[in-house]
Ligand code: GLU
């Protein structure tokens with residue numbers, strides 16, 4: 001007998017409550033890598049049943065951020081103007097809720113607010129089968145109940161008042177009168193919910209700790225629990241890969257699968273993201289939105305590489321840290337995801353980004369860095385020749401080696417763009433050097449640089465010439481020259497600086513320093 005293997009289907013199911021969080025990017029990425037590796041399908045579904053938390057433009061923003069990162073999906077919501085050509089043959093509908101958004105695939109709609117009828121039907125089914133019940137309790141009563149429980153140091157649990165006290169007739173009467181109601185799951189008592197999590201192994205919850213979940217809210221919208229289970233089932237999702245914050249919800253989901261008699265998908269809960277202080281990552285510790293990192297000039301390859309390593313690495317004995325998307329697809333294994341929280345270390349992100357910047361061609365570097373440079377005050381006020389493409393490319397060639405992110409471009413080396421820097425004359429002296437010696441050295445440098453022809457004014461030549469002139473006492477020669485050219489104690493090498501600013505400017509700056517000494 002040939003057993004047909006079930007095709008892998010995963011989903012990323014963000015709520016449009018704001019920008020894409022780096023944790024969300026990781027969930028999306030792991031889903032993407034897993035689907036790619038297994039030749040499966042990834043679905044992008046919008047979970048917008050919490051109307052109070054909806055943020056205008058969030059759906060579009062989420063799609064943009066995922067696209068920016070190079071994460072692709074085959075089914076679900078897409079941006080109207082950027083639908084990949086090969087998708088045009090598929091089943092496509094305009095989203096009713098979000099203009100400009102398309103829904104592609106045979107399991108739609110992929111926006112939960114467009115599926116309200118479906119949830120209602122399934123909730124009704126559970127009621128008919130006695131697995132769920134109407135609750136007409138008013139918010140005030142629930143509030144009092146919770147306060148009492150809190151005072152008795154008990155966990156907040158619905159006391160099943162409506163299950164025990166509201167008769168069939170009363171229910172029908174209430175419904176006829178259109179009294180507001182919710183529908184609650186009747187969670188069985190004294191049972192265990194056990195499931196196998198790919199990351200966490202066997203997970204077990206006692207049902208006595210699980211509240212009778214609200215499935216349908218009084219506004220006619222389903223709760224996350226009902227909507228997500230119904231959709232994962234109807235959309236044929238085989239693997240649910242999501243953040244650990246959803247682990248406590250999973251037993252409720254398993255109970256729902258049981259109540260419906262549906263096959264439970266495989267779960268993988270990804271470790272929490274922690275700040276460097278090992279606390280849950282939140283806005284307080286800095287940027288958490290992908291858009292913030294785009295704005296700061298991180299390369300998508302670097303952010304993806306960094307995020308991929310938040311909870312996964314290729315395993316013992318393998319020290320590779322730089323991975324292209326292709327390498328991630330071939331190396332990634334969901335079973336190797338760690339249980340322990342993953343520390344979000346910005347220094348590491350910077351390092352990785354720096355590695356990618358180093359690999360850029362001069363053209364790419366220029367294209368990517370220029371928009372950031374154009375934003376800088378020091379660049380706007382620079383003389384015109386310092387803004388030419390040729391000049392900027394030289395600056396970038398020097399900065400490339402150490403630049404960690406594009407928003408830093410030029411920041412450490414503003415002297416490339418103006419010479420208004422001031423420094424104390426004393427700074428020109430290396431250690432105990434006297435001012436007479438400083439003068440000697442600067443005069444020598446002026447003479448040497450003055451003797452270099454324009455043709456020979458290359459980065460390589462200048463490096464050699466100045467090193468040779470410095471001889472044994474490098475510090476004594478190069479330090480005063482560096483300060484004269486840059487006003488700084490730390491900078492790229494004086495020969496590199498001289499190369500960028502050019503012969504006339506280099507000599508002008510040396511003369512200015514000499515004038516200070518006299
Ligand atoms: N809508 C949930 C969120 O915003 C998705 C949780 C899940 O993946 O089940 O993260």
Within the stretch 13-48, tally of residues that are closer than 22 Å to residue 91 by Cβ, away from the ligand (no atom under 14 Å from the Cβ) and surrounded by fewer than 24 Cβ atoms within 10 Å (Cβ to Cβ) | 3
Within the stretch 69-98, residues in contact with a strand residue (DSSP E or B) (Cβ under 6 Å, 6 or more places away or on another chain), within 26 Å of residue 308 (Cβ to Cβ) and buried (at least 21 other Cβ atoms within 10 Å of the Cβ) come out as 73, 75, 76, 77, 78
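Please tell me if residue 457 is out of contact with any strand residue (DSSP E or B) (no Cβ under 8 Å at 6 or more places or on another chain), without any contact (Cβ under 8 Å) to a residue 60 or more places away in the chain and closer than 16 Å to residue 398 by Cβ.
Numbers: out of contact with any strand residue (DSSP E or B) (no Cβ under 8 Å at 6 or more places or on another chain): yes; without any contact (Cβ under 8 Å) to a residue 60 or more places away in the chain: yes; closer than 16 Å to residue 398 by Cβ: yes.
Yes, satisfied.
Here is a yes/no grid of residues against (1) surrounded by 18 or more Cβ atoms within 10 Å (Cβ to Cβ); (2) under 30 Å from residue 92 (Cα atoms); (3) in contact with a strand residue (DSSP E or B) (Cβ under 6 Å, 6 or more places away or on another chain):
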{"position": "118", "(1), (2), (3)": "no, yes, no"}
{"position": "129", "(1), (2), (3)": "no, no, no"}
{"position": "179", "(1), (2), (3)": "no, no, no"}
{"position": "197", "(1), (2), (3)": "no, no, yes"}
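Only one of 273, 281 is away from the ligand (no atom under 14 Å from the Cβ), closer than 13 Å to residue 341 by Cβ and surrounded by 18 or more Cβ atoms within 10 Å (Cβ to Cβ). Can you tell me which? Write out each step before concluding.
Working: 273 fails: away from the ligand (no atom under 14 Å from the Cβ).
Residue meeting the stated conditions: 281.
Check 456, 496 and return the single one that is modelled with pLDDT of 95 or more, over 30 Å from residue 306 (Cα atoms) and in contact with a helix residue (DSSP H, G or I) (Cβ under 6 Å, 6 or more places away or on another chain).
On the way: 456 fails: in contact with a helix residue (DSSP H, G or I) (Cβ under 6 Å, 6 or more places away or on another chain).
Just a single option satisfies the conditions, and that option is 496.
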Residue pairs qualifying under the 9 Å Cβ cut-off, at least six apart or on distinct chains, with the first in the stretch 224-238 being without any contact (Cβ under 8 Å) to a residue 60 or more places away in the chain and the second being in a helix (DSSP H, G or I) and within 12 Å of the ligand (Cβ to nearest atom), are 225/249; 225/252; 225/253; 229/252; 229/253
Report yes if residue 104 is within 13 Å of the ligand (Cβ to nearest atom) and at pLDDT 95 or above, otherwise no.
-> no
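Please go through the stretch 411-447 and give me each residue that is part of a loop (DSSP other than H, G, I, E, B) and within 14 Å of residue 473 (Cα to Cα), ordered by number. Quick ask: steps written out before the conclusion?
Going residue by residue through the stretch 411-447, those that are part of a loop (DSSP other than H, G, I, E, B) are 417-424, 429-434.
Within the stretch 411-447, 429, 430, 431, 432, 433 qualify.
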Restricting attention to the stretch 234-245, does a residue exist that is more than 15 Å from the ligand (Cβ to nearest atom) and under 28 Å from the mean Cα position of the chain (by Cα)?
-> yes
When the stretch 442-457 is examined, which residues are found to be surrounded by 14 or more Cβ atoms within 10 Å (Cβ to Cβ) and over 23 Å from residue 428 (Cα atoms)?
-> 452, 457
Are any residues in the stretch 331-371 closer than 27 Å to residue 244 by Cα and surrounded by fewer than 12 Cβ atoms within 10 Å (Cβ to Cβ), and if so, which ones?
-> 335, 340, 347
Flag if residue 256 is under 17 Å from residue 203 (Cβ atoms), within 13 Å of the ligand (Cβ to nearest atom), more than 18 Å from the chain's Cα centre (by Cα) and crowded, with 17+ Cβ neighbours inside 10 Å | yes
Residues being under 16 Å from residue 404 (Cβ atoms) and assigned to a loop (DSSP other than H, G, I, E, B): count how many of those fall in the stretch 349-375.
-> 2
Subset of the stretch 188-225 [over 22 Å from residue 146 (Cβ atoms) and within 13 Å of the ligand (Cβ to nearest atom)] = 222
Within the stretch 61-68, identify whether any single residue is over 22 Å from residue 301 (Cβ atoms), at pLDDT 95 or above, away from the ligand (no atom under 12 Å from the Cβ) and surrounded by 21 or more Cβ atoms within 10 Å (Cβ to Cβ), and answer yes or no.
-> no
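Would you check if there is a residue in the stretch 372-383 being without any contact (Cβ under 8 Å) to a residue 12 or more places away in the chain and closer than 21 Å to residue 494 by Cβ? Break it down stepwise before answering.
Applying the first criterion (without any contact (Cβ under 8 Å) to a residue 12 or more places away in the chain) to the stretch 372-383 yields 374-375, 377, 380.
This time we only want the ones that are closer than 21 Å to residue 494 by Cβ, so: none.
Checked the stretch 372-383: no residue is without any contact (Cβ under 8 Å) to a residue 12 or more places away in the chain and closer than 21 Å to residue 494 by Cβ.
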Do the conditions hold for residue 17, that is, is it touching a strand residue (DSSP E or B) at 6+ places or on another chain (Cβ under 6 Å), closer than 25 Å to residue 220 by Cα and either assigned to a loop (DSSP other than H, G, I, E, B) or without any contact (Cβ under 8 Å) to a residue 60 or more places away in the chain (or both)?
-> no
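Consider the stretch 382-393. How many of its residues are more than 15 Å from residue 366 (Cα to Cα) and either in a helix (DSSP H, G or I) or within 34 Å of the chain's Cα centre (by Cα) (or both)? Give the steps one after another, and end with the answer.
If we filter the stretch 382-393 for residues that are more than 15 Å from residue 366 (Cα to Cα), which is where we start, we get 382-385.
Filter again for either in a helix (DSSP H, G or I) or within 34 Å of the chain's Cα centre (by Cα) (or both), leaving 384-385.
The number of residues fulfilling the criteria is 2.
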Just one of (1) surrounded by fewer than 16 Cβ atoms within 10 Å (Cβ to Cβ); (2) free of Cβ contacts under 8 Å to residues at least 60 places away in the same chain; (3) within 16 Å of the ligand (Cβ to nearest atom) trips up residue 51, so point out which.
-> (2)
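The values are calculated or read from the model by the stated rules, or taken from the named source; none is laboratory data. Remember, predicted model here, so these are calculated numbers, not experimental data. No Cβ is skipped: glycine too gets one built from the backbone with ideal geometry, and neighbour counts run over all protein chains shown.
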